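The values are calculated or read from the model by the stated rules, or taken from the named source; none is laboratory data. Predicted model, so just to flag it, every value in this text is computed and none were measured. Virtual Cβ from ideal backbone geometry, glycine too; neighbours counted across all protein chains shown. Accessible surface areas use protein heavy atoms only, side chains included; no ligands, DNA or RNA. Shrake-Rupley method; radii C 1.70, N 1.55, O 1.52, S 1.80 Å.
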Amino acid sequence: MPSPSETRQIYETGTQLRPTIHQEQDWPYEVPHIRYEALIWPPHDVGGQPAAPQIFEEKEDEEWENNAYITCEVLGFRGLWNAEERRRIYANDIGTTLYYGFPYNARWIWGAAKMLVDKKYVSLIELQEKIGEIRKRLGVNAQRGGHATSNISAGAQTNVTTNTGTGKTGTGNRPDYGSKAPWEGTGEIRPARFKVGDRVRVKDLPAIFYTRTQMYARNMSGTIAALTYPDLIPADEAWERYDAPQEQYYIVRFQQKDLWAEYPFENDTLQSEYPEMWLEAED
């Protein structure tokens, strides 16, 4: 397991591996372990990384952002994907360059399009032709030198039809679930091992393909602040393993000073949620 100093090295190495415009380099035959850890680190787990100061401002959502959000929620309501699967696709599978290069809601759009093609709801050529049709409708010129103001009427809509049937029939032939969420777990519900007040440590499992457990919390000890609910773990839900066992989720409270040695205030805390499989009793 990495020490706090090694974790900081991984953070700092990871921030150098995320250029939007890639600079040419020689591809190594050997990779130092710290760089290996930084390379397999899922792009969306950015908490704790050093970064330039950010400017935060109040901003009303733009129409396209609201439309992207609503579209992705409707796709979930109709049973095409679930929350963890969606995060895996648009926040991890998208890759580091697009993750840092796209606005937040643009990642949602990319993820929705990728999911629809991967699951054979539409073909790639159908998607490309539809985008070309909309560009022409909106007056985007052939050289793509600029984008016209949207002239889609408030009543315009796109009909999405899903397949019907009984039960889950597999990729490309999924049922229309209607108002019932398809990701209600069907596996056993395991009893909780921990209680409020227990001291636990977050495990340091490999972060391969997808994770919802922040790197800055790995190997760190905290206190169980609350038991929330039993549910599928993200690694199962993100791949639609609805029959997997459900585990208890916990709110764990950490001292900020334990997470970041340079943190200046002794009494500040941070709370985060984890399924039981990511926690072990503190020695």
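Below, the figures for the structure above:
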| read-out | value |
| --- | --- |
| Distance (nanometres) between label positions extended 7 Å along Cα→Cβ at residue 138 and residue 15 | 3.4 |
| Under 5 Å, built H, 5+ apart or other chain: amide partners of residue 269 | 256 |
| Surface accessible to a 1.4 Å probe, per residue, for the residues of the stretch 50-140, Å² | 64 |
| Cβ-derived FRET efficiency at R0 22 Å, residue 199 paired with residue 267, nearest 0.05 | 0.75 |
| Carbon/sulfur fraction of accessible area - the stretch 199-281, other protein chains in place, 1.4 Å, % | 51 |
| Residues of the stretch 199-281: accessible area per residue with a 1.4 Å probe, Å² | 46 |
| Gain on full stretching of the segment that runs from residue 130 to residue 70 - 0.36 nm per residue minus C-alpha separation | 19.7 nm |
| Relative contact order, percent, the stretch 199-281 [alpha-carbon distance under 8 Å, six or more residues apart] | 33 |
| Violating pairs (Cα-Cα greater than 31 angstrom) within the set 120/203; 59/114; 59/119; 195/257 | 120/203; 59/119 |
| Additional length obtainable on full extension of the chain from residue 97 to residue 260, 0.36 nm per residue less Cα span | 56.0 nm |
